[in-house]
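FYI, it's all coordinate maths here, none of it is from the lab. Here the structure is a predicted model, which is why all the values come from computation and not from measurement. Counting neighbours? That spans all protein chains shown, and the Cβs are built from the backbone with ideal geometry, glycine included.
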There are 2 protein chains.
Amino acid sequence: MANEKKIDCVILGLLSHEELTGYEIKKRMDTMLKYFWSASYGSIYPALSDLVHRGLATKRESGENKRNKLIYAITDHGRDYLKEWLTLPVYKDELRYETLLKLFFGNEQGAECAVHHIESFEEKIEKELPYLLGAQEMLKKSLNDDTAHKYYLLTVEFGIKTYGAYLEWCKEARTLLMENGG
Amino acid sequence: MANEKKIDCVILGLLSHEELTGYEIKKRMDTMLKYFWSASYGSIYPALSDLVHRGLATKRESGENKRNKLIYAITDHGRDYLKEWLTLPVYKDELRYETLLKLFFGNEQGAECAVHHIESFEEKIEKELPYLLGAQEMLKKSLNDDTAHKYYLLTVEFGIKTYGAYLEWCKEARTLLMENGG
DNA sequence: AACAAATATATCAATATGATATATTGTAGA
DNA sequence: TCTACAATATATCATATTGATATATTTGTT
């Protein structure tokens, strides 16, 4: 077992907290994990089928409606798999910032264009930061309710720290670009 | 023109600075861009062929050896393409940190395991930071030699700022995990 | 001359994205 | 009650990319 499909691990991780549908898994990722991970439906649904196939998760239909929700739960086997993955060394931490890419090649278009990208980046960060601060406050209060909260808090504080650094950098970068000509 | 293949844009960006072989392109990415972007040979070589096919780059053989290097250069058409992409709004900035993922689900294995991942992360950052600081110093000195250096410096300083924030966070995170039990 | 390391190109199965199609459920307002 | 819209929910697929690997050449070292 080395270099597992990441999507399997994220899904099992989320299922280790609670039973979820594919749609809910996507929502969890787009809110709680969005600061350091993402995935598309195109990987989630096939992965769920595969996990059930391999006995790492179970699928059951909920309710008695026309079209039932498909609710997935982790199995003991799945939990073992997750636990093993958690102990393995991290394979890769990766940044994929298009903003930085456009900036690196910024000389081709000039300072005005670069400053504009930095401003957009800044706005996006400033918009998201309050949610992280809110989450931090809530998690700090409920730290004793659930031992898992400590781990959520850690990742939220990672977001807050890095976002703070981003905002500092934005200011300095704009200054550098606008001095002598712009 | 919207949502271009990123690999095309990175390659054209690098070729806008200088003529390069596929191998050299990969090396540039693994050194200069590694703090915010990466790509594999499996995307670089097919993309180069495609760029030539579309008239955005040219390919020529170098030297008179048995097996010649294939040197690629950007065309005017390619430069126009790059310039247009640079003005378009950023589509996506994305973090993909397996360390944070393992931390988020860390409750499943406990504090000791989580602390270990943080320490590994910390070591990796501490090892890379000196290179960034070295690059910063060099670029600051040669800022007047080439107008592009200002843009390189910007991305290097982004790396330095965020790495600083990471190290601060690592300390705090370890403290949080180790207090009352560990 | 022998050998290792770096240079260089290429391919491909496995993986993931981004877009889209489709249908249902909940709900707010007319 | 009807209706329209948003949210919920599952699914698929062409396209993009990775990670691994194969292969060969050139350069540097002993």
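Of all chain A residues, the closest to the A-onto-B rotation axis by Cβ, with that distance in whole Å, is A:ALA165, 2.
I want to verify a result. In a Gaussian network model of chain A, Cα cutoff 10 Å, which of these has the top mean-square fluctuation: A:LEU12, A:LEU86, A:LEU33? Per the Cα network of chain A with a 10 Å cutoff, A:LEU86 tops the list.
Residues whose amide H lies under 5 Å from that of A:ALA57, counting only those 5 or more places away or on a different chain, are A:VAL52, A:THR75; hydrogens are built 1.01 Å from N in the peptide plane. Amide H contacts under 5 Å for A:LYS69: A:SER62, restricted to partners 5 or more places along the chain or on a different chain, H placed in the peptide plane at 1.01 Å from N.
If the limit is 24 Å between Cα atoms, which of A:LYS26/B:LYS171; B:LYS34/B:LYS161; A:LYS127/B:LYS150 go over it?
On the way: A:LYS26/B:LYS171 31 Å; B:LYS34/B:LYS161 15 Å; A:LYS127/B:LYS150 28 Å.
Pairs exceeding 24 Å: A:LYS26/B:LYS171; A:LYS127/B:LYS150.
Computed across the protein assembly as shown, the Kirkwood hydrodynamic radius from all distinct Cα-Cα pairs reaches 22.6 Å. The magnitude of the dipole of the range B:6-87, with charges of +1 and -1 set on the Cβ of Lys/Arg and Asp/Glu and taken from the Cα centre, is near 260 debye.
Charge tally for B:GLU108 (other residues, Cβ to Cβ under 14 Å; Lys, Arg +1; Asp, Glu -1): -2.
Considering only alpha-carbon pairs that sit under 8 angstrom and 6 or more positions apart, the relative contact order computed for chain B is 17 percent. Remark on B:LEU20: its backbone amide H falls under 5 Å from those of B:TYR72, a criterion applied only to residues 5 or more positions apart or on other chains, H modelled at 1.01 Å from N.
Near A:LEU129, within a Cβ-to-Cβ distance under 15 Å, what is the net charge of the other residues, with Lys and Arg +1 and Asp and Glu -1? Let's see the in-between values first.
Working: positive: A:LYS34, A:LYS124, A:LYS127, A:LYS161, A:LYS171; negative: A:GLU122, A:GLU123, A:GLU126, A:GLU128, A:GLU137, A:GLU157, A:GLU168, B:ASP93.
Computed value for this residue: -3.
Measuring gaps between exposed loop sites in chain B (trypsin sites (Lys or Arg not before Pro); DSSP loop; at most 12 other Cβ atoms within 10 Å), the longest gap, sites not included, is B:93-182.
Taking the Cα centre of chain B as origin, sum charge times position over the Cβ atoms of Lys and Arg (+1) and Asp and Glu (-1), and report the length of that vector in debye to the nearest 20.
Details: 25 positive and 29 negative charges, 129 e Å.
Computed charge dipole of chain B: roughly 620 debye.
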